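Quick notes on the structure that follows.
Bear in mind that the values in this text are calculations on the coordinates, not laboratory data. Model, not experiment: these values are computed from the prediction. Positions of Cβ are backbone-derived with ideal geometry, glycine not excepted, and every protein chain shown enters the neighbour counts.
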Amino acid sequence: MTNWFPSREWLGTYRDRLNENETYGEQSEGWGVDFDGSFVFEITELPVAETTLDDLPTELSETFRERLESVSESRIEQLIDDAPPELTERMDDVSADSPRERFITALFETEIEAMPAVTWPDLCAEMPDDLDNLLDQLERYVHEDTVYAYLDLYDGECRTAEVLEEPDGTSAAFVLTAPYTKWTELIDGADVIEAVMSQDMDLDGDITSVIVYPEAAQEMGDTAGRIETTFLF
Amino acid sequence: MGGSEMALDRELRELARGAEFTATDEEVDRAIEEAAEELGESPESVRENVAYIMDSTFEEEGVSTSFNEMVSGTSLEDDVSSTGDPRLEALEMYKLRQRI
Amino acid sequence: MSQVLQSQYSGQRVDTGSKWYTLFQKGVELGTWNVEKLFDEIGFEQDRASWEALSQDERDQIRYLISGFLDGEREVAGDAATNLQRIMGAPCLDENTEKEMYMTMLTLTEHKHTQFLDVYMQEVMDDQDNYNDLDPRRGTRIPVVQATGLGEVFEHQGLLTAKAANTLNPVDIAKAATNYHLNVEGILARVGASAISRFPERADFPLLNYAFKFVSTDEGRHITHGIELLKELIEKEEAGNPQFQGVKQGIVETLYQDVPYMADFGYMFTDALDDPLGLDFNEVLMRGGNLIDGMYNETLGLDIDYMEVLNVVRDRYLEINEWDIKQRVHEQEQHYQRKRGVAADGGV
Ligand SMILES: [Fe+2]
Ligand SMILES: [Fe+2]
């Protein structure tokens, strides 16, 4: 399966890779044992307000579009009939000949942020599984424009990694915050320590603990950089 | 008289990675006018010196991590006794400098 | 600030179009604030009242911080007047006349910084024995400075600037300028200043705050000078001039040498005393890292190996974390007192 970032699945892969990584295991031995070693990754400035369904990678959007273009006339009529008011209004603003075309255009011109208002289970059934899953995750995990991921790091191991549905209820000893584009640079191989030093990423927490484990910090960054990743935005 | 012999760049730009501007441009303009009047200098000359106090580098865009840590650097944001705005803070320093 | 900065005058011996001329001229305009007039203008009253109201631990914290500055300012003033002044005339540098002019302004301001701190500590921070009679010119530093790595950085500064003044070699000049203008002025002084900005409301020291904003403004020009000087050396190295080969390496090595001891400074006025004022060692370290990146990587275009930086800082941190700083300071004081005893007995 494609490893989409950001997603729950990507974070799961990251946890597995950290745990398979012997260098990380050795270098972070003792991390979190005498202190709280938990981390929250904050991915801010996700472009959910600017990105439309149409702007998503073609693997997701094109497959869905082709599907809608090829379903039977009666099926499309049914979908149009069931469309929520938000989508119907958007259709009114589209000038196209056929209702099918207006339906598809209105839907694909909708921003990701507004997707929950224009989708419903029966429409989602027509989506490729990845798209359905990712839109569901974006709805659940994006708060304003930010996604929060929690990692329980203990003595060389990543015990849990989860995307937070209610970030307010979780606190971590370390918080690494950066705009989405800086996370993509990290995954493309940028150096995490340099990113923090240059303030591309903001690290909050007990820096003296990090200073004692510089190789572990480096390896956390490099592990992300070695995951075959496809970016959602 | 300050700055009268030099023609400087008078634009007051927020410095990358420096303290954020918190006052409006109008507030700053007014404060500069008032200071100029008080000091008997031209507003241009005061503005030049404010710009120079904020950033003495020769860089077109100003260097990140402003060199004047306590006036235009991020430290200003922690300073509870300051004006909070690097331009107004530099102006305060200039006015005080002209008195001493 | 951009390069449109131009004098309307011109001469024959002095190039009024030189960057260093501009630095000199702005130094004359902005750097000649009068320390005694500042005392008169702001007064000592509020600072004294705030000092009285602080706990002993809080006072120690401020004293350690300001002691680092007092010794630091005195040492930079001394090295500027002697070694740096000579270096400005080095044949390998351009614009010697204007650089020499500017260096007098740098020296003047450093002496004023020392003047301010020396009087301020005496007037506000009750009297504390600085062992000045043991001859500061031979390296008698304030006990807390001598007992921590800060003394090492200043020692290094003396050695590097003296060597460069002697050889006038570009690589030696680069190393001296790196220690002095980037590490001491650009990082130590700025993280120290940022800690003063973080003083909580109950530590309200208006005179100290204003004075340090003048110091910070002066330091802005000093750092600009250091950066421009290093840029000149780097450009000549990159142009292939054989005499300049090794400049960039020298700059980077000087950072790796100084950086572990630089971390001591932050530690000594925060965690070493359990940080009752909340000056936050983490903030100090992060600011230091940001300043390293801003000057070395972004402004000079060098490629700092952060693992190297973190490794040397880590090793040093693990060492100093075991220290009882008050005990070390006490031992240093006893050492000075023994020296004093020997001197009083007619010894050397
Ligand atoms: Fe100074
Ligand atoms: Fe200086």
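Antiparallel versus total DSSP beta bridges in the protein assembly as shown: what percent is that, nearest 5? Walk me through the numbers before you get to the answer.
Numbers: 18 of 26 bridges.
For the protein assembly as shown, the DSSP antiparallel bridge percentage is about 70.
In the stretch C:47-120, what GluC sites (Glu not before Pro) fall in a loop by DSSP, with at most 12 other Cβ atoms inside 10 Å?
none
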Might you report the magnitude of the Cβ-based charge dipole of the protein assembly as shown about its Cα centre, with Lys and Arg at +1 and Asp and Glu at -1, to the nearest 20 debye? 4040
Taking amide hydrogens as modeled 1.01 Å from N in the peptide plane, which residues meet the under 5 Å criterion relative to A:T110, leaving out close sequence neighbours? A:L53, A:D54
Using the eigenvalues of the Cα gyration tensor, what equivalent ellipsoid semi-axes result for the stretch C:1-118 when each is taken as the square root of five times the eigenvalue, whole Å, largest first? 36, 18, 11
Eligible aspartates and glutamates near C:K248 by straight Cα distance, threshold 18 Å, same-chain separation 8 or greater: C:D172, C:E228, C:E232, C:E235, C:E237, C:E238, C:D258, C:D293, C:E298, C:D303, C:D305, C:E308
Test of understanding: in a Gaussian network model of chain C with alpha carbons linked when under 10 Å, which of C:E322, C:E185, C:E123 would top the mean-square fluctuation ranking? C:E322
Semi-axes, largest first, in whole Å: what does sqrt of 5 times each Cα gyration tensor eigenvalue give for the stretch B:25-99? 20, 15, 11
In whole Hz, what ³J(HN,Hα) sequence does the stretch C:162-169 give by Karplus (6.51, -1.76, 1.60; θ = phi - 60°), x for Gly and Pro? 5, 5, 5, 5, 7, 8, 6, 8
Sequence-distant aspartates and glutamates (8 or more away, or on other chains) whose Cα lies within less than 18 Å of C:K37: B:E92, C:E29, C:E45, C:D47, C:E110, C:D118, C:E123, C:D218
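Per residue, what volume in Å³ does the convex hull of the Cα atoms of chain A enclose? If you can, show how the numbers build up before the last one.
Numbers: hull volume 28.2 nm³, N = 233.
Convex hull volume per residue, Cα atoms: 121 Å³.
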In the P(r) worked out for the stretch A:58-140, what percent of Cα pairs fall beyond 17 Å? 42
For chain C, calculated [θ]222 nm from helices alone, where every DSSP H run of n ≥ 4 adds -39500 (n - 2.57): -21000 deg cm²/dmol
Pick out, from C:N83, C:T254, A:A224, the residue whose Cα sits farthest towards the positive end of the charge dipole of the protein assembly as shown, with +1 on the Cβ of Lys and Arg and -1 on the Cβ of Asp and Glu. C:N83
Give the cross-link partners of C:K326 among the aspartates and glutamates, using a straight C-alpha distance below 16 Å as the criterion and excluding same-chain residues fewer than 8 apart. C:D57, C:E58, C:D60, C:D129, C:D264, C:D271, C:D274, C:D275
Treat each spin label as a single point 7 Å out from the Cα along the C-beta direction, and report the A:S72 to C:R340 distance in nm. 10.2
Cα-based Debye curve of the protein assembly as shown sampled at q = 0.08, 0.09, 0.10, 0.11 Å⁻¹ gives log₁₀ I(q)/I(0) of -0.72, -0.86, -1.01, -1.14
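Report, in debye and to the nearest 20, how large the dipole of the stretch A:146-206 comes out about its Cα centre when Lys and Arg carry +1 and Asp and Glu carry -1 on their Cβ.
Values: 2 positive and 15 negative charges, 16 e Å.
Magnitude of the dipole: close to 80 debye.
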GNM flexibility winner over chain C from C:Y306, C:Y120, C:Y261 (Cα, springs under 10 Å): C:Y306
Among C:Q122, C:Q332, C:Q245, determine the one that fluctuates most according to a GNM of chain C built with springs between C-alpha atoms less than 10 Å apart. C:Q122
Mind pulling the angle between the C-alpha long axis of helix C:96-123 and the longest principal axis of chain C? Nearest 10 degrees, somewhere in 0 to 90. 10
Quick check: pseudo-label points 7 Å beyond the Cα along Cα→Cβ at B:E20 and A:D81, how many nm apart are they? 5.2
May I ask which of A:K182/C:K175; C:K112/C:K231; C:K19/C:K236; C:K163/C:K339 have a Cα-Cα span longer than 23 Å here? A:K182/C:K175; C:K112/C:K231; C:K163/C:K339
Could you point to the residue in C:Q56, C:N169, C:G192 farthest towards the positive end of chain C's charge dipole, with +1 and -1 charges on the Cβ of Lys/Arg and Asp/Glu respectively? C:N169
Calc'd 3J(HN,Hα), the stretch A:3-16, phi into Karplus 6.51 cos²θ - 1.76 cosθ + 1.60 (θ = phi - 60°), Hz, glycine/Pro = x, comes to 8, 6, 10, x, 7, 4, 5, 4, 5, x, 4, 4, 4, 4
Among A:Y154, A:A172, A:T105 - extreme Cα towards positive end, dipole of the stretch A:91-180, charges at beta-carbon: A:Y154
